[in-house]
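J.: One structure, as structure tokens, below. Some questions next.
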Amino acid sequence: MARYINWVHLPTLLSLPETILRKIDTKHLLNVGIIVAIFVGTATNIAVLSNSMRQLHHAANGLRQSTLVREKIFAAISHTVLVENIQQRYIMTGDPMDAAQYQSARHDAYDNISDIRTVTQAKTATSKQIDQVTSVLESRLTEIDEAMTLATSGKKAAAIDLIQKSTSRQFMEKRKALVAGVISAEQGQTTYLENEYASALKQATVSFTLFILEAVVVGILLFVLPRRELRKQQRTSEQLATYAKDLDQSMADLTRERNEVSRLNKASNYLQSCNSFAELTEVAAPLLGRLFDGSAGALHTFAPSRNQLDTLVTWGDIEFTPYLTPQQCWGLRLGQAHVHHENSPTPICRHLDSCNGANETLCLPLIAHGETLGLLSLVYQNTQAVQASSPDLMRFAEMVSHQIGLTIANIRLRDSLNEQSIRDPLTGLFNRRYLDIVAEKEISKALRHNRPLGLVMFDIDHFKKFNDLHGHLAGDTTLIAVAKFAQTHLRETDWVFRFGGEEFMVLMTETQSKDALARIDQLREAISQLTFSHEGVGLPNVTISAGLAMLEDTPRTTQALIEAADTALYKAKQAGRNCVKLAA
């Protein structure tokens, strides 16, 4: 307290006589001066360190902001592409599930665009370029929505025409240019922030070192060591180092994930473009070999019987079994990815027992729309190169298997739609549209090889009266029975079609008129003896009338054959029905 009062009354002390001032201890004044100088230096270093901390914080926020912007842009682009793929698949298949997925993906795409604008509100350097990216994405989503609206309202042709006239290619080119500009600008900003971060960190380190030295000197001079403050500063330094390490790891993870997404997008484009299993076989082997570098593997698909899987594609130096049963794979039995590696308690799948030297294996079921369609098997012989159990590989493999599953589902759906387009839904026979295709080919073949060809048209006698008396459901039952009987009692080389109503067509290849008449007459006789029932109630027998036209007796066109067969059928009806007539 007395010392404090002396400092307050310093002017009075200065006015003391010179004899009193000389009595002040010179060494004491020196020590005080040193202490003051150290405190001033310490305060200066603290200010420098504080400024360095603010710079570090600013640089870290900038890096995080830049990383977040790029993540949101890539997410928005990915969802926009996904919306377009689902839209095109819906227009092709009309699957209501695709419509629901479209709305969900569209909502995600707009959310990502909104997130981009939210993130870039405080930015000035690249805001204009980012706004251009979001405007292009919103414009593309608007075009996709217009086509989807037409498709959902039943205007499929208009939707397809709109897609063909859309600016998809210009959109991709403009998107690439804009994204490249944003990435370039963000990369420049990232480089600037990294340099600022490094400079601030260096300055903070130097300032912190000087601060520690000065604190030690002050502690020695004053016999007090500010341990609490020192520990606080040490914790701050550790937090900074940890944050810097985490930031570096995040940047590395972002780069790796961006590369994975890019590779997967390229692979997905090829897979989704496959129209058949033959094309998938050609594309999958080299594609999967590149995606899973250093591995051997196989792609298996379920047979129609669902009791075994056939090996569709293989790659690598390991020979895989040509087929397997679901019980031989733990991944199929568990319904999830199954990993086996050396010294692991998890068993190796039995279908991979023959893979000698396999250190690590990974089996992933191929699932799409809730249905297991196949299996992806990966085998690694060099565990130092990559580990099948690593989270990164597991995540990437699951993404690839999902895309393959969707591809297989799309191919099967396309095959099913093609089958439906050429089959009559009631009888299961080929329809009239397919008759035009087959007849044209068979007529050309018959003319080229000088072989006989006949076309038979037959219908069920008095079928309208039959429907009126027994009902249309009973009539449908009769049509189905007659169609199946005709299909099973004619030759495998003969084509049976439902021409319309109760009328049927039979295209008989390499058959002379005499033999054709005999076989059709036998079919007529056999059908007249068939018995039918509907819902437990017996139905009366039916008869058929038939007309046969031979290629050598008519103009050599499909329409001419049909007209000749129809004329012969009319003659059979005039002759009292239940008979077969040959066209003149």
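The values are calculated or read from the model by the stated rules, or taken from the named source; none is laboratory data. Keep in mind the model is a prediction, meaning the values are calculated, not measured. Glycine also receives a Cβ, built like all others from the backbone with ideal geometry; neighbour counts cover every protein chain displayed.
J.: Could you list, in sequence order, the residues of the range 413-433 that are at pLDDT below 80 and closer than 24 Å to residue 481 by Cβ?
T.: Within the range 413-433, 419, 420 qualify.
J.: For the range 481-584, please list each of the strands (runs of 3 or more DSSP E) lying entirely inside it that holds at least 2 residues being surrounded by 15 or more Cβ atoms within 10 Å (Cβ to Cβ) and of a type outside the set (Phe, Trp, Tyr). Walk me through how you get there before you give the answer.
T.: Details: elements: 495-500, 503-509, 532-534, 537-539, 544-550, 580-582.
Fully inside the range 481-584 and qualifying: 495-500, 503-509, 544-550, 580-582.
J.: Can you report the number of residues in the range 391-429 which are assigned to a loop (DSSP other than H, G, I, E, B), of a type outside the set (A, V, I, L, M, F, W, C) and surrounded by fewer than 15 Cβ atoms within 10 Å (Cβ to Cβ)? Let's see the steps before the verdict.
T.: Applying the first criterion (assigned to a loop (DSSP other than H, G, I, E, B)) to the range 391-429 yields 424-429.
Next, from what is left, pick out any that are of a type outside the set (A, V, I, L, M, F, W, C): 424-425, 427-428.
Those left that are additionally surrounded by fewer than 15 Cβ atoms within 10 Å (Cβ to Cβ): 425, 428.
Number satisfying all stated conditions: 2.
J.: When the residues of the range 287-323 are narrowed to those that are surrounded by fewer than 17 Cβ atoms within 10 Å (Cβ to Cβ), within 17 Å of residue 350 (Cβ to Cβ) and not polar (S, T, N, Q), which ends up modelled with the lowest pLDDT?
T.: 319
J.: Please list, ordered by first then second residue, the pairs with beta carbon atoms under 6 Å, 6 or more apart or interchain, first in the range 446-463 and among the β-branched types (Val, Ile, Thr), second not in a loop (DSSP other than H, G, I, E, B).
T.: Short answer, once both residue conditions are applied: 456/506; 456/520; 456/546; 456/548; 460/544.
J.: Kindly indicate whether residue 91 is at pLDDT 80 or above and either outside the structural domain of residue 188 (by TED's automatic domain parsing) or assigned to a helix (DSSP H, G or I) (or both). Break it down into steps so the answer makes sense when it comes.
T.: Details: at pLDDT 80 or above: no; either outside the structural domain of residue 188 (by TED's automatic domain parsing) or assigned to a helix (DSSP H, G or I) (or both): yes.
So residue 91 does not fit the description; no.
J.: Given the options 375, 280, 362, name the one that is crowded, with 20+ Cβ neighbours inside 10 Å, among the hydrophobic types (A, V, I, L, M, F, W, C) and in contact with a Pro (Cβ under 9 Å, 6 or more places away or on another chain). Step through it out loud before you land on a result.
T.: On the way: 280 fails: in contact with a Pro (Cβ under 9 Å, 6 or more places away or on another chain); 362 fails: in contact with a Pro (Cβ under 9 Å, 6 or more places away or on another chain).
The unique qualifying residue is 375.
J.: Could I ask something else about it? For residue 154, work out the one condition from (1) buried (at least 16 other Cβ atoms within 10 Å of the Cβ); (2) modelled with pLDDT of 75 or more it doesn't fulfil.
T.: Of the numbered conditions (1) buried (at least 16 other Cβ atoms within 10 Å of the Cβ); (2) modelled with pLDDT of 75 or more, the odd one out for residue 154 is (1).
J.: Name the residue, out of 533, 513, that is of a type in the set (S, T, N, Q) and without any contact (Cβ under 8 Å) to a residue 60 or more places away in the chain.
T.: Numbers: 513 fails: without any contact (Cβ under 8 Å) to a residue 60 or more places away in the chain.
Going through 533, 513 in turn, just one is of a type in the set (S, T, N, Q) and without any contact (Cβ under 8 Å) to a residue 60 or more places away in the chain: 533.
J.: Collect the residues in the range 205-227 that are modelled with pLDDT under 75 and under 18 Å from residue 60 (Cα atoms), keeping them in residue-number order.
T.: Once the filter is applied, which keeps residues that are modelled with pLDDT under 75 and under 18 Å from residue 60 (Cα atoms), the range 205-227 yields nothing.
J.: OK, next. Kindly check whether there is at least one residue in the range 244-267 that is at pLDDT 75 or above, surrounded by 15 or more Cβ atoms within 10 Å (Cβ to Cβ) and not aliphatic (A, V, I, L, M).
T.: The answer is no; no qualifying residue exists.
J.: Moving on to the next point. With respect to residue 375, is the statement that it is closer than 18 Å to residue 401 by Cα and in contact with a Ser or Thr (Cβ under 9 Å, 6 or more places away or on another chain) true? Steps first, please.
T.: Numbers: closer than 18 Å to residue 401 by Cα: yes; in contact with a Ser or Thr (Cβ under 9 Å, 6 or more places away or on another chain): yes.
It is true that residue 375 is closer than 18 Å to residue 401 by Cα and in contact with a Ser or Thr (Cβ under 9 Å, 6 or more places away or on another chain).
J.: Return a yes/no flag: does the range 438-451 have any residue that is under 40 Å from the mean Cα position of the chain (by Cα) and not in a loop (DSSP other than H, G, I, E, B).
T.: Taking the range 438-451 and keeping what is under 40 Å from the mean Cα position of the chain (by Cα), we get 438, 441.
With the extra rule that they be not in a loop (DSSP other than H, G, I, E, B), the set shrinks to 438, 441.
The answer is yes, given that some residue of the range 438-451 is under 40 Å from the mean Cα position of the chain (by Cα) and not in a loop (DSSP other than H, G, I, E, B).
J.: Which one is farthest from the chain's Cα centre (by Cα), of the residues in the range 297-314 that are of a type in the set (A, V, I, L, M) and outside any loop (DSSP other than H, G, I, E, B)? Break it down stepwise before answering.
T.: Taking the range 297-314 as the starting set, the residues that turn out to be of a type in the set (A, V, I, L, M) are 298-299, 303, 309, 312-313.
If we keep only those that are outside any loop (DSSP other than H, G, I, E, B) as well, we get 298-299, 309, 312-313.
On the way: 298: 20, 299: 17, 309: 23, 312: 20, 313: 20 Å.
Here the residue is 309.
J.: Run down 355, 329, 349 and say which single residue is more than 30 Å from residue 78 (Cα to Cα), touching a Phe, Trp or Tyr at 6+ places or on another chain (Cβ under 6 Å) and crowded, with 20+ Cβ neighbours inside 10 Å.
T.: On the way: 355 fails: touching a Phe, Trp or Tyr at 6+ places or on another chain (Cβ under 6 Å); 329 fails: touching a Phe, Trp or Tyr at 6+ places or on another chain (Cβ under 6 Å).
349 is the lone residue from the list that is more than 30 Å from residue 78 (Cα to Cα), touching a Phe, Trp or Tyr at 6+ places or on another chain (Cβ under 6 Å) and crowded, with 20+ Cβ neighbours inside 10 Å.
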